[in-house]
Amino acid sequence: MHPLGYLSGSGAQTASVLPLMWFMLIVSIVVTVVIVGLVIWAVMTKRAPVGPQSLRTVALEHRDGVKWIWAGLAVSIVPLLVTAFWTIAVLAKTGAVPAAPLTVNIVAKRWWWDAQYRDGATGGQFRVANEIHIPVGRPVLLHLRSSDVIHSFWVPKLAGKTDVIPGQVNAMWIQADAPGRYRGQCGEFCGAQHAHMAFYVAADPPLQFAQWERQQMQPAFAPATAEASAGLSYFTQHCGRCHSVRGTPAHGTFGPDLTHLMSRQTIGAGMLQNNPASLSGWVENAQIVKPGALMPNQHISGPDLTVLRAYLETLR
Amino acid sequence: MSPPPATATAATAGSNREQSIRRTPTIGRSTPELRERLQRIWETKPGLYGWLATVDHKEIGIRYIVTAFVMLVIGGIEALIMRVQLASPEQTLLSPQQYNMLFSTHGVTMIFLYASPILSGFSNYLWPLLFGSRDMAFPRLNALSYWIYLAAGIFMYAGVFLGAGPNDGWFNYVPYAQFRYDPGLNIDFYSLGMVFLGVSTSVGAANFIVTLLRMRAPGMSINRLPIIIWGTATASFANLLIVPAVSLAFFLLWLDRQFHTQFFQVPGGGQPLLWQHLFWMFGHPWVYAIVLPAMGMVSDGLPVFCRRPLVGYAPVALATVATMLLGFGVWVHHMFATGLPGLSLAFFSAASILIAVPSAVSVFSWIATIWLGRPVITAAFLFFASTIILFVIGGVSGFMTASVPADWELTDTYFIVAHLHYVLLGINVFPVMGATHFWFPKFTGRIMDERLGRWSFWMTFIGFNVAFLPMHLTGLWGMPRRVYTYPVEMGLGPINMVSTVGSFLLAIGFLLFFINVLRSRTRGVAAGDNPWDAYTLEWSTSSPPPPYNFAVIPTVASRHMLWEEQLGESNERSNLEEGFILDHGKEALATSALDAEPQRILHMPGDTIIPFVLAAGMLVLFSGLLLRNWPITAIGAVICAADLVAWFWPRMSLLERGPAHG
């Protein structure tokens, strides 16, 4: 219903934060209702039955009522103190990184997310864009870097925001306690396409995650058809300066790594469903789909687009 | 009670000149001849020169108020355009660049060009009247402060109309605000505009502080100050401390952008977080600076309509100061997600939660004032009373964001948009609308239409809540701030439509309010001196007040000068009929800082065009800096320097040259 809503969650972090959040929310609503009630009741029961013209006919009151201020403060201080201590307890709990986490390096860029995985055993590594897979039930440590301006990493259903600030590495950990695709969104204004700087965290059962990792580690398959081969050479020539496909001469790092592009469900940082139609639309007219994005429109002729698309579709 | 002897007269006379400084002021009553003499001495000459040269605090106050309301309308129109864009998902009315400039300009306009100046306007108009004084301590500085505000506003809006308005939010985070990522003149207009505007805020604050310490009527000791004085004075002290931080930050940013310094640039060892600290060390106390005076309006206005003194004067006055003191220790709650160490997060979180305590003092005081009074329902009362409700809603949402782990979710979502608008409209705009109804009779001599006033109240109150109450939920459902659109599948379309409808109802409410102001100015019912039977000194003079405010300087014996007979709190009585007659030129009375004992006769400067010329020279100077055009910059600097020489040239009439001893 609300993919970014954070009144419910599935993460180890949200499990400790949500009770506090609901407590404060309920306290806030109760306080508001009580105060609104007091104001309305006071006005209704105490109002002088005169208009502004005959205001001076109402005799002045001067009973002292300062005790009501102290009474109000005495009542207010209780939830405030409870909240303060509860806050610090939750802070202690969410701050400590659990042992033996999986580590993923995230680089935030205008306006997409680059995730770098390294296999501890083999030392092999790979990069994916905007779809970050993690194993269910296991803490994942994220090292957050920015290559340009300030962004903020936020997957509401798993954890709160951590800013991604150039010149420093911020760390946070997440853990999904149920499998699923959790939407994320940049949480700090970062320019033209801040609105469309989304991503997904896909929490897979451990076996499935291992399989995904193995598959992503592979270089791209060599194209099997003549059409796809033509597409590869077009890609290397025109796209390889910014994008890389492992196993080919294209290894630009400015844009997303496309080695296993077709294993992702969305493109354009969570903007479009990944299908042939939206792929060609994006390649041709990225500036219309996402004005201001750093991917220029490709002035690409019909036949070139056909072979390029044929090649991209092989990147499974 | 007769006025106490002026201690200023104790000095023995030396030369004749010395006698003119240390003469014994006459004590007497107001007579038609005296009023006519004072009118001639104090009135501003008609015509363009007089208009540019006036240093009358009332004229300056009204200009501040009018200019700030114009900015409110402009900022409001910007908001409506944004609400149309956001009414449903994936609209393309605005490009992302246009939207980003609009939300940034809206914030800058409302926070810097409306919220603070409107309060300066009311305070400028009211302070000397509340003090039983004839003017602010530094009338020319007062004029300068207004002219700079106007010039800085024009400067910043010149950028907007050239398509180069601020576009990185009012908070203007680096490195996005650096030349590399934002190469237009947008941020240069904003940076230099803020340094420029900072001069206005600073000189204004200094003027309020000295006025507080020197210009109160005899007997107005600090425990007799109206709460609006506590609010504005506290805000002024804070402004003197915080404005330098933000002026410095913007100046350094401008150097980074134009001269490749590396204060905030990562490659040169600069720190993006340094900007955030400098900005929020200013930014958070600033929030209190733009609400405390408005809370004072409620604390002083509500009792008049409740027909009783404010409940808990001392706790409310002290809570005003305490809020500001704590307010200096909470800025990091704007930075909870930046990766700061847990210990400092815990400290700032606890401080931010506990700042609710002094705020709650005012809320309970206002409720008790209604409860223990006999409220007479007027439009002004409705605006003041609704402040309590809106303040509490803005307060509890603020309390939620004070908790670090919750804030990590709440921050930068529409929950914060809801929170900050409840705070800024709830305890700035609504009190200001109430204050306009309340003091309009004093400003103009006419009462605002009551029926239209109630219509505008209900329209703004309902419209505001329809627009902003659902926004809490929009935020909890995950809508991020500062996005020019949002995808359909986020499920946020219908609730955004509700907010957009509410924002237009709110706009209609404002429209009714402004129609009321304009109509009542000429067609309102005549007010008389004290239409609300209020208790402070401004209601003891005519409506509108004469240029000299008070023909004789009143002597104050209590906090409720005009209610002493009815309240019977003590046997002492203020004396408003008989007091010092200061009529040897433009004269005012200086009193001691704490007890307000008379000390000196002040010779006040007359109308002069010097402040206007200085502001104009500064506008030239800042335009030269913006364009990096050094000849224009030099011309501006020369105008400013020459003007300052003229300003500080010693004048006999102001006794600025010592007596010539042989």
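The values are calculated or read from the model by the stated rules, or taken from the named source; none is laboratory data. None of these values were measured; they are calculated from a predicted model. Every residue, glycine as well, gets a Cβ built from its backbone with ideal geometry; the counts of neighbours run over all protein chains shown. Quick note on the areas: whole protein, heavy atoms, side chains included, nothing else; ligands and nucleic acids left out. Shrake-Rupley method; radii C 1.70, N 1.55, O 1.52, S 1.80 Å.
Before moving on, here are some points about what is shown:
- Some residue of segment B:590-598 being farther than 17 Å from B:Arg224 by Cβ and either free of Cβ contacts under 8 Å to residues at least 12 places away in the same chain or in contact with a strand residue (DSSP E or B) (Cβ under 9 Å, 6 or more places away or on another chain) (or both): yes
- Qualifying position, being in contact with a strand residue (DSSP E or B) (Cβ under 7 Å, 6 or more places away or on another chain), open to solvent by less than 10 Å² (accessible area, probe 1.4 Å) and either of a type outside the set (Ser, Thr, Tyr) or outside the structural domain of B:Leu72 (by TED's automatic domain parsing) (or both), among B:Asp188, B:Asp168, B:Asp135: B:Asp135
- Scan of segment B:451-506 for residues that are of a type in the set (S, T, N, Q) and within 13 Å of chain A (Cβ to nearest Cβ), ordered by number: B:Asn465, B:Thr474, B:Thr485, B:Asn496
Listed here are the residues, each with its yes/no results for (1) surrounded by 18 or more Cβ atoms within 10 Å (Cβ to Cβ); (2) among the aliphatic types (A, V, I, L, M).
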site: A:Gly11; (1), (2): yes, no
site: A:Thr14; (1), (2): yes, no
site: A:Ile40; (1), (2): no, yes
site: A:Arg63; (1), (2): no, no
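- Of the helices (runs of 4 or more DSSP H) lying entirely inside segment B:300-419, those containing at least 3 residues that are at pLDDT 95 or above and not aliphatic (A, V, I, L, M) span B:313-327, B:356-371, B:379-402, B:404-410.
- Any hit, segment B:530-545, residues being within 26 Å of the chain's Cα centre (by Cα), free of Cβ contacts under 8 Å to residues at least 40 places away in the same chain, within 14 Å of another protein chain (Cβ to nearest Cβ) and more than 19 Å from B:Leu72 (Cβ to Cβ): yes
- Output for segment B:171-185, where each listed residue is over 30 Å from the mean Cα position of the chain (by Cα), touching a residue at least 40 places away in the same chain (Cβ under 8 Å) and open to solvent by 30 Å² or more (accessible area, probe 1.4 Å): B:Phe179
- Selection from segment B:564-587 of residues that are part of a loop (DSSP other than H, G, I, E, B) and either of a type outside the set (A, V, I, L, M, F, W, C) or under 28 Å from the mean Cα position of the chain (by Cα) (or both): B:Gly568, B:Glu569, B:Ser570, B:Asn571, B:Glu572, B:Arg573, B:Ser574, B:Asp583, B:His584, B:Gly585, B:Lys586
- Scanning segment A:203-225 for residues that are surrounded by 19 or more Cβ atoms within 10 Å (Cβ to Cβ), of a type in the set (Gly, Ala, Ser) and outside any loop (DSSP other than H, G, I, E, B) turns up just one, A:Ala203.
- Residue within segment B:45-64 that is part of a helix (DSSP H, G or I), β-branched (Val, Ile, Thr), open to solvent by 80 Å² or more (accessible area, probe 1.4 Å) and at pLDDT 95 or above present: no
- All positions within segment A:4-51 that are of a type in the set (A, V, I, L, M), in a helix (DSSP H, G or I), within 8 Å of chain B (Cβ to nearest Cβ) and more than 20 Å from B:Gly475 (Cβ to Cβ): A:Ile35, A:Val36, A:Leu38, A:Val39, A:Ala42, A:Val43
- Residue, nearest to A:Trp41 (Cα to Cα), within segment B:386-398, restricted to residues that are open to solvent by 10 Å² or more (accessible area, probe 1.4 Å) and facing another protein chain (nearest Cβ under 7 Å): B:Ile389
- In segment B:486-507, the residues that are closer than 27 Å to A:Cys186 by Cα reach residues that are of a type in the set (D, E, K, R) with C-beta atoms within less than 7 angstrom, at least six apart or across chains, in these pairs: B:Pro487/B:Glu90; B:Val488/B:Glu90; B:Ser499/B:Arg83; B:Thr500/B:Arg83; B:Ser503/B:Arg83.
- Taking the listed residues A:Arg145, A:Arg110, A:Arg127, A:Arg118, the one that is within 15 Å of the chain's Cα centre (by Cα), more than 9 Å from chain B (Cβ to nearest Cβ) and closer than 27 Å to A:Gly252 by Cα is A:Arg145, with no other qualifying.
- For A:Val107, the conditions (1) exposed (fewer than 14 other Cβ atoms within 10 Å of the Cβ); (2) in contact (Cβ under 8 Å) with a residue 12 or more places away in the chain; (3) among the β-branched types (Val, Ile, Thr) all hold with the exception of (1).
- Selected residue (criterion: surrounded by the most Cβ atoms within 10 Å (Cβ to Cβ)) from residues of segment B:552-566 that are over 27 Å from B:Arg37 (Cα atoms) and without any contact (Cβ under 8 Å) to a residue 60 or more places away in the chain: B:Glu564
- Cross-chain or 6+ apart pairs with Cβ under 7 Å, segment B:441-468 first and in the same structural domain as B:Tyr125 (by TED's automatic domain parsing) and closer than 26 Å to B:His421 by Cα, then surrounded by fewer than 19 Cβ atoms within 10 Å (Cβ to Cβ) and among the polar types (S, T, N, Q): none
- Here B:Ser104 meets the list (1) outside any helix (DSSP H, G or I); (2) open to solvent by less than 10 Å² (accessible area, probe 1.4 Å); (3) within 14 Å of another protein chain (Cβ to nearest Cβ) almost entirely, failing just condition (1).
- Among the candidates B:Ala418, B:Ala406, B:Ala380, the residue that is at the interface with another protein chain (Cβ under 10 Å from one of its Cβ atoms) and more than 21 Å from B:Thr232 (Cβ to Cβ) is uniquely B:Ala406.
- Criterion (among the small types (Gly, Ala, Ser) and farther than 21 Å from B:Val423 by Cβ) met by exactly one of B:Ser104, B:Ser123, B:Ser95: B:Ser95
- Subset of segment A:232-252 (residues that are over 18 Å from A:Arg127 (Cα atoms) and touching a residue at least 40 places away in the same chain (Cβ under 8 Å)): A:Leu232, A:Tyr234, A:Phe235, A:His238
- Exclusive hit being in a loop (DSSP other than H, G, I, E, B), within 16 Å of A:Ala310 (Cα to Cα) and not acidic (Asp, Glu), set A:Thr253, A:Thr259: A:Thr259
- Considering (1) within 13 Å of chain B (Cβ to nearest Cβ); (2) in a strand (DSSP E or B); (3) not polar (S, T, N, Q), the lone condition that A:His133 does not fulfil carries the number (1).
- Leading residue by the ranking (farthest from B:Ile227 (Cα to Cα)) among those in segment B:562-585 that are in contact with a strand residue (DSSP E or B) (Cβ under 7 Å, 6 or more places away or on another chain) and not acidic (Asp, Glu): B:Gly585
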